[in-house]
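In what follows, a single structure is set out as structure tokens and then discussed.
Here, each number is a calculation from the coordinates, and none is a lab measurement. Keep in mind the model is a prediction, meaning the values are calculated, not measured. Every residue, glycine as well, gets a Cβ built from its backbone with ideal geometry; the counts of neighbours run over all protein chains shown.
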Amino acid sequence: MSLSMQRQPAQPTLKAVDNLESAFYQEHLQHQRAHQQPTAVWQHPAPPQPTPADLNLPEDDETFLDRLSVMLANRAGQFLSEPETLKQILKFSELQRDNRQLARHIQHLLTVIHEQKRALHSIQQQQQAALDDQYQHLFGQLYLKK
């Protein structure tokens with residue numbers, strides 16, 4: 001099967017990476033909520049954490065840290081009383097930034113690999129054409145000698 005006929009793998013997009021980040025963050029919040037202490041009767045439960053869609057933030061323009069700062073501003077009192085949670089969120093945001101950089105690097109490498117495959121295919125076609133020309137030339141010489 002020729003290289004041009006093979007199906008190329010889909011390249012990750014920044015939108016897909018952002019969606020993955022958002023899903024991972026929501027899973028992190030659910031896990032965190034599951035391990036919270038029960039709320040006393042006289043305490044009001046914390047409001048639910050807004051999602052980027054609830055905040056009407058454009059995914060392409062806002063970074064994860066911008067979304068996180070809005071969420072932190074909404075719940076500053078609770079986070080100030082829970083320094084370990086704040087540390088975990090800051091560590092999480094650093095990991096998300098590293099993941100985004102890694103995804104961009106992987107996307108660049110996939111692009112380079114795709115370009116190299118196309119160049120290799122072009123070289124193979126040129127070599128095959130040169131071999132065909134040599135074969136026809138040699139066959140022509142043999143035919144003329146007979």
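Look at the range 84-99: where a residue is more than 16 Å from Glu21 (Cβ to Cβ) and a partner is of a type outside the set (Gly, Ala, Ser) and exposed (fewer than 13 other Cβ atoms within 10 Å of the Cβ), sitting 6+ places away or on another chain with Cβ atoms under 8 Å, you get Leu86/Leu80. Scanning the range 130-146 for residues that are of a type in the set (A, V, I, L, M, F, W, C) and exposed (fewer than 10 other Cβ atoms within 10 Å of the Cβ) turns up Leu142, Leu144. Taken over the range 100-124, the residue count meeting the criterion of being among the aliphatic types (A, V, I, L, M), within 21 Å of Ser22 (Cβ to Cβ) and either in contact (Cβ under 8 Å) with a residue 60 or more places away in the chain or outside any helix (DSSP H, G or I) (or both) is 2.
Report yes if some residue within the range 88-95 is among the β-branched types (Val, Ile, Thr) and over 24 Å from Phe24 (Cα atoms); otherwise report no. No, the conditions are met nowhere in the range 88-95.
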